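> Would you mind keeping the following structure in view while I ask a few things?
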Amino acid sequence: MDLSIIIPLYNEADSLPELKAWIEKALEGFTYEIIFVDDGSTDGSWRVIQEMADHVGHDGTTVTPGLTGGPVRGIRFRRNYGKSAALYEGFAAAEGDIVVTMDADLQDSPEEIPEMVRMIREEGYDLVSGWKKKRKDNALTKNLPSKLYNWTARKVTGIKLHDMNCGLKAYRKEVVKNIEVYGEMHRYIPYLAKNAGFTRIGEKPVHHQKRKYGKSKFGMSRFVNGLLDLMSLWFLSRFGGKPMHFFGTSGILMFLVGFVMTVWIIAAKLYHQANGLKFRAVTDQPLFYLALVAVILGVMLFLAGFLGEMVSRSSTERNNYQIKERYPLNV
């Protein structure tokens, strides 16, 4: 099978039939499956998915009700878990050589998929991300925050993508089978792929449509959450397997700063006292308490690093490495 099209959705019943027809028109000549992941919809989206799965497939054959293997497959959550959970289950179910993700709101154009597939097959990319160069969203609530978010993501991750969070992406099958999408980390799948060793990441400008049905499911809080998730991913990629390098170094530096400040305060007091100069008691100086706090924080950070190292050493995945290939094959 050439492609697996994974479409996470939440309350998008009105757009699904139109989206399926659009995909069929755009992907003539490809063998593919469409995997709709219903993230706890309450508007009848699952009924629409069932009807499409039980209908005639893109190759003209009738899909037997209740059986998998046809052009439309469905996964339904009992409640709303979020887009990352939907993508995780979709990736696990995907069988195509190339996996494509897109949103269900008709803002992503399936007509972009053949070129993204070509870039993977012919140009050797592991992942191709869409770039909504001309967005059809509100400039104040989405466009400007999105530009700031993507600028920050480029600086932190080192991945030169203009639109890290674009829902329209294409991947080699190996990529989605070797990354774990959790929490709200769907925004940083290219970074997850890079950390897993898939560094051939490309970008394609894609046409962006105005939303036709319903309304966006994401509010302004996604930008704050996205920044926090980016910090978490950066820390895990840099120090996830060696927490002592971060906490231990920070703790030692903090302890040394506090220790030097304490020694300087005491030495200055003794010098003034020995020479008959005016001096203040050590405990009357605010700087002494700042030095004391620095020493205590330094010790606590060092202990946090030590405990983190113990947890890391006990992890069952501490030696879980991404192996690209072996030669000879029996090694």
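The values are calculated or read from the model by the stated rules, or taken from the named source; none is laboratory data. Owing to the predicted nature of the structure, the values given are computational and were not obtained by experimental measurement. Note that each Cβ is placed from the backbone with ideal geometry, even for glycine, and that neighbours are counted across all protein chains shown. For the accessible areas, the whole protein counts, side chains as well, though only heavy atoms, and no ligand, DNA or RNA atoms are used. Shrake-Rupley method; radii C 1.70, N 1.55, O 1.52, S 1.80 Å.
> Using the alpha-carbon atoms, what tilt in degrees (0 to 90, nearest 10) does helix 286-314 show relative to the longest principal axis of the chain?
For helix 286-314, the angle is close to 40 degrees.
> Then there is this: Counting only protein heavy atoms and using a 1.4 Å probe, what share of the accessible area of the stretch 177-309 belongs to carbon plus sulfur, as a whole percent?
Percent of accessible area from carbon and sulfur atoms in the stretch 177-309: 69.
> Which of the peptides 245-253, 274-282 is most tightly packed, and how do the rest follow, going by the mean number of other Cβ atoms within 10 Å of each residue?
Descending mean neighbour count gives 245-253, 274-282.
> Keeping every protein chain present and rolling a 1.4 Å probe, give me the accessible area per residue for the stretch 163-255 in Å².
The answer is 51 Å² per residue.
> So, one more: Once ligands and nucleic acids are excluded and a 1.4 Å probe is used, how much of Trp234 is accessible, expressed in Å² to the nearest 10?
In the full protein context, Trp234 sits at about 90 Å².
> Output the pairs from Lys177/Lys204; Lys155/Lys194; Lys160/Lys194; Lys132/Lys204; Lys147/Lys204; Lys132/Lys212 with a Cα-Cα distance over 20 Å in this structure; if there are none, say none.
The answer is Lys177/Lys204.
> If packing is taken as the average count of other Cβ atoms within 10 Å, what order do 112-124, 15-27 fall into, highest mean first?
15-27, 112-124
> Rule-of-thumb check for the chain: C-alpha Rg over 2.2 N^0.38 Å?
1.34
> Now a separate question. How high is the relative contact order of the chain, in percent, counting Cα pairs under 8 Å that sit 6 or more residues apart?
Computed over the chain, the figure is 17 percent.
> Highest mean first, what order results for 257-266, 162-171 on Cβ atoms within 10 Å?
Peptide ranking by packing, descending: 162-171, 257-266.
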